[in-house]
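The values are calculated or read from the model by the stated rules, or taken from the named source; none is laboratory data. Given the structure is predicted, the values throughout are model-derived calculations rather than measurements. Every residue, glycine among them, receives a Cβ derived from its backbone with ideal geometry; neighbour counts consider all protein chains shown. Quick note on the areas: whole protein, heavy atoms, side chains included, nothing else; ligands and nucleic acids left out. Shrake-Rupley method; radii C 1.70, N 1.55, O 1.52, S 1.80 Å.
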Amino acid sequence: MTEPLILGIESSCDETGVGIVRGNTLLANEVASSVEQHVRFGGVVPEVASRAHLEAMVPALQRAVQKAGIDLSDLDGIGVTAGPGLMGALVVGLSSAKTLASYLNKPLYGVNHLAGHVAVDLLDHGDLPTPSIALLVSGGHTSLLLVEDMATSITEIGSTIDDAAGEAYDKVARVLGLPYPGGPVIDRAAAEGDPTAIRFPRGLTARHDMAEHRFDFSFSGLKTAVSRWVEARRRDGLDIPINDVAASFQEAVCDVLTAKAVDAAQHYGVTNMLIGGGVAANSRLRALLEERASAAGIELRRPRPGLCTDNGAMIAALTTQVVRAGGRPSSMDIGADSGLPVSTILV
Ligand code: KG4
Ligand code: ZN
């Protein structure tokens, strides 16, 4: 039997993505970002993002189809992000997908954006060994997940109690006067800095936090510590060693993320791990997690950095798993759910 040919549409934040996959093979991944339009606001402006999706969707679709060299009539299904994300942004992708599905008379699958960040790795490394622990680190979410089946069973075993990891990167970048999005800029600055220059706090790692929050994260105290440190230097009329602050901040984030991910795998007796989400593109996170996972006898899978941030291929990859597992197509009147929990893989 030939593998299903699936098109995926993503529009939950500021990237308009259309991806096409056959099985676990990536055929096209067209992403149009509106990030430039948000830079001067220091964060994503929902109305601006929605309008940009409207303008970018059809051209992205055309480019993807051309790149993949397929005929739309050959598709076996259309996947689309149903949530979580920005309401107005999600609606653009959903209505595009519904229009396409009804015009082509193809099944529609409304799927979970966060599960998509996990599933994208299958395009690089093939079917996922289960169970796996997934460390999901994006701009809006930071969680540890127990993946027992990519299409049907994802359980959140811990998550952030305040800021997401990507959000912390974006906020710290702003404190340092660096542009949005902060993740890639801090990643580069940190490469030139000393990660041991300043000892920033590691949230929820103290012994008294471990009982209740062993697999949870907190980055808001870290963000405050960085801004206090920077303010104090400014007050004293001293230069800010941006590279050292970036490296020390990044070390605090990556230390906690990797320690808790490995602890979770050991606690659940799981020897496979993968990472996903925009922050999974981070060079230090990738290196430190590989080091710690391998020392603990855990097999780590890391999707290529270009597939970590939002894109349509991740939605197509997840939809492929859903189709293979015999998932029922979504109703044509499903709505967007900005708070869709990660355990709801298919809407
Ligand atoms: O997954 P994503 O593209 O969008 C959401 O679903 O939120 O993640 C975006 C986040 C932003 O906060 C961005 O700063 C962060 O991912 N990010 C990074 C890197 N590249 C993107 N954070 C750290 N290091 C990076 N190299
Ligand atoms: Zn995302």
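Which one of the conditions (1) buried (at least 16 other Cβ atoms within 10 Å of the Cβ); (2) part of a loop (DSSP other than H, G, I, E, B) does V226 fail to meet, given that it meets all the rest?
Tallying (1) buried (at least 16 other Cβ atoms within 10 Å of the Cβ); (2) part of a loop (DSSP other than H, G, I, E, B), V226 fails exactly one: (2).
Kindly list, by first and then second residue, each pair from a residue in the range 322-347 that is closer than 18 Å to R22 by Cα to a residue that is polar (S, T, N, Q) and assigned to a loop (DSSP other than H, G, I, E, B), limited to pairs with Cβ atoms under 9 Å and residues at least 6 apart or on different chains.
The qualifying pairs are V322/T152; A325/T152; G327/T152.
Confirm whether V270 is out of contact with any Asp or Glu (no Cβ under 6 Å at 6 or more places or on another chain), within 16 Å of ligand 1 (Cβ to nearest atom) and touching a residue at least 24 places away in the same chain (Cβ under 8 Å).
In short, no.
Just checking, how many residues over the range 71-82 are open to solvent by 10 Å² or more (accessible area, probe 1.4 Å) and not polar (S, T, N, Q)?
4
Can you name the residue in the range 37-70 that is among the polar types (S, T, N, Q) and under 19 Å from G312 (Cβ atoms) and is also least open to solvent (accessible area, probe 1.4 Å) among such residues?
Top of the filtered list is S50.
Say we look at the range 244-290 and pick out the residues that are within 16 Å of ligand 2 (Cβ to nearest atom) and over 20 Å from I154 (Cβ atoms); which of these is most open to solvent (accessible area, probe 1.4 Å)?
Here the residue is A281.
Can you tell me how many residues in the range 4-39 are among the acidic types (D, E) and modelled with pLDDT of 95 or more?
Result for the range 4-39: 3.
May I ask you to list the residues in the range 307-323 that are open to solvent by less than 30 Å² (accessible area, probe 1.4 Å) and either of a type outside the set (S, T, N, Q) or at pLDDT below 95 (or both)?
Of everything in the range 307-323, those that are open to solvent by less than 30 Å² (accessible area, probe 1.4 Å) and either of a type outside the set (S, T, N, Q) or at pLDDT below 95 (or both) turn out to be L307, C308, D310, G312, A313, M314, I315, A316, A317, L318, V322.
What about R304, is it more than 9 Å from ligand 1 (Cβ to nearest atom), open to solvent by 60 Å² or more (accessible area, probe 1.4 Å), in contact (Cβ under 8 Å) with a residue 60 or more places away in the chain and out of contact with any strand residue (DSSP E or B) (no Cβ under 8 Å at 6 or more places or on another chain)?
Criteria met by R304.
Kindly establish whether E15 is crowded, with 19+ Cβ neighbours inside 10 Å and charged (D, E, K, R).
Yes; evaluated as a whole, the condition is true for this residue.
Mind checking which helices (runs of 4 or more DSSP H) fall wholly inside the range 83-164 and carry at least 1 residues that are farther than 23 Å from P303 by Cβ, within 16 Å of ligand 2 (Cβ to nearest atom) and open to solvent by 10 Å² or more (accessible area, probe 1.4 Å)?
Hits in the range 83-164: 87-104.
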